[in-house]
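Beneath this line is the structure, given in structure tokens, with notes to follow.
The values are calculated or read from the model by the stated rules, or taken from the named source; none is laboratory data. Everything numeric here is computed off the predicted structure, so don't read it as measured data. With ideal geometry, Cβ positions are generated from the backbone for all residues, glycine too; neighbour counts draw on all protein chains shown.
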């Protein structure tokens, strides 16, 4: 976890994806307020300083049905931790049904609507989770 101070007037966003990396690499597009900020696979961590205020983060994987979306408030000088954990129901539906999975999964744009569950974590929980991850990177868009 970064130990540097959050810059004046900003909030720190730490997003981490738990779970086992898939055999076939499938990057998740991470969008903040509808703009792509990076691509992640399970086991990765992303750290960004963002403006304080209301935000929406989304995880989208073109290989699975639905998009996971979570709204949160970032306070100046504080850190927000967002955890993304595998949603087995959505992944299995996509593997078994392919394009028909969109019809089988009803909740397509919520924190549990895509192939990951998104939730805001406490700093204590995030530190435990991140300590077990093998990577600490995030591929920026266009890389």
**Prompt:** Before we move on, is residue 77 outside any strand (DSSP E or B), at pLDDT 85 or above and in contact with a strand residue (DSSP E or B) (Cβ under 8 Å, 6 or more places away or on another chain)?
**Reply:** yes
**Complete:** Output for Cβ contacts, cut-off 7 Å, separation at least six or different chains, first residue at positive phi and in a loop (DSSP other than H, G, I, E, B) in segment 4-21, second at pLDDT below 85 and surrounded by fewer than 11 Cβ atoms within 10 Å (Cβ to Cβ), reads none
**Message:** I need the full set of residues from segment 28-56 which are modelled with pLDDT under 90, surrounded by 15 or more Cβ atoms within 10 Å (Cβ to Cβ) and either out of contact with any strand residue (DSSP E or B) (no Cβ under 8 Å at 6 or more places or on another chain) or not in a strand (DSSP E or B) (or both), in order please.
**Reply:** 41, 42, 43, 44
**Message:** So, residue 83, is that one assigned to a strand (DSSP E or B), modelled with pLDDT of 85 or more and touching a helix residue (DSSP H, G or I) at 6+ places or on another chain (Cβ under 7 Å) or not?
**Reply:** yes
